[in-house]
Amino acid sequence: MFLISFVSAFIIEGFRGEGYLIQNGNSMIPTLVEGTLINLTEPINLNEGDIIIFDYNSFFIKYENYAHRIIKIDEDKDGWYALTKGDNNWLKDFGKRRINNIKAKVEVINEM
């Protein structure tokens, strides 16, 4: 079963940087559970293991404000990229996250 995690947001289109979100979904359990308040920072100094917020296009569906963990960072002919996966998912996310597609880095997690 494919599990989807997205974050309901106090985010506007084009948001990038600091702010707050509330987790909605189950693909990041046990780290992020539904209703978790997430504090966001600028997406700088990203490392494997960090949780990031990004928009995700999966075939014909567009998910906004997706929260998943970076499982690998690398470079190819187009430059820097990260591979991501939900902690509660079996498979990694389709495609590569480019730095210009990453909206924020999850810095603080507070269960509500």
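Every number in this text was worked out from the coordinates using simple rules, so none of it is lab data. Since we're looking at a predicted model, the values are computed, not measured. Neighbour counts run over all protein chains shown; Cβ positions are idealised from the backbone, glycine included.
Points worth noting:
- Cα gyration tensor shape of region 5-110, rounded if a/c is under 1.5, else prolate or oblate by comparing a/b with b/c: rounded
- Low-density loop cleavage sites - GluC sites (Glu not before Pro) in region 12-105, where at most 10 other Cβ are within 10 Å (DSSP): GLU13
- The trypsin sites (Lys or Arg not before Pro) of region 23-112 meeting both criteria, a DSSP state outside H, G, I, E and B (loop) and at most 12 other C-beta atoms within 10 angstrom of the site's C-beta, are LYS77.
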